[in-house]
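Take a look at the structure set out below.
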């Protein structure tokens, strides 16, 4: 199985400041169809996960533009340009290129 | 609006069985892949099973031979039959799907395996 490694696992942030989460895969996530199936999910306390980003850099409908995804191959990043209070929670990367789909361990974003 | 509503969870003894349901509205369960993903208390997300639009099914090694995914197109509902349950199956179970049009998760249903 493809191992997804996130860092850091805990991210204390200051409101209004930027934040960045790294996700590395044990194999390239470029699919034979040319797409890279790397998604980012947000899970607020007590809620279900919510998809924020699909195929590396595409924001889902309703996701604030302060969230952005980037990367290629095995190295990916989720950035929050200015953290707001509602951004607190756990963030997961997930790959869907190789079977079975696998998740990162999660990064807990909390207020400093 | 797409909605996924899970049900069927509960407290069950080791070795017991449960059937989870995921009722969909706003889209057709047979038109896209449908996943079950679980989350043990205080832990991360673990993919459990998938059924594709063509009917192919796949399972995580940890549940293979014990869990069965299926769907009822007439009821637009996804199911997960859980047999031979173990303590380590205790988790919130989510149904989820996604495409370029959107990613959707239900609110989850809690399965607790304990004597």
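The values are calculated or read from the model by the stated rules, or taken from the named source; none is laboratory data. Everything quoted here is computed from the prediction, not taken from an experiment. Ideal geometry is used to build each Cβ from the backbone, glycine not excepted, and the neighbour counts take in all protein chains shown.
Remarks
- Residues that are free of Cβ contacts under 8 Å to residues at least 24 places away in the same chain and at the interface with chain B (Cβ under 8 Å from one of its Cβ atoms), drawn from segment A:44-62: A:48, A:50, A:51, A:54, A:55, A:58, A:60, A:61
- Among the residues of segment B:13-26, the one identified as assigned to a loop (DSSP other than H, G, I, E, B) and within 14 Å of chain A (Cβ to nearest Cβ) is B:26.
- For segment B:28-60, the set of residues classified as away from every other protein chain (no Cβ under 14 Å) and within 14 Å of residue B:97 (Cβ to Cβ) consists of B:28, B:29, B:30, B:31, B:53, listed by residue number.
- Segment A:87-112 residues that are on the phi > 0 side of the Ramachandran plot, paired with ones that are at pLDDT 95 or above and surrounded by fewer than 18 Cβ atoms within 10 Å (Cβ to Cβ) (beta carbon under 6 Å, 6 or more apart): A:89/A:44; A:106/B:44
- Evaluation of residue B:107 against the conditions (1) within 23 Å of residue A:93 (Cα to Cα); (2) surrounded by fewer than 15 Cβ atoms within 10 Å (Cβ to Cβ); (3) touching a residue at least 60 places away in the same chain (Cβ under 8 Å); (4) more than 10 Å from chain A (Cβ to nearest Cβ) shows that the sole unmet condition is (4).
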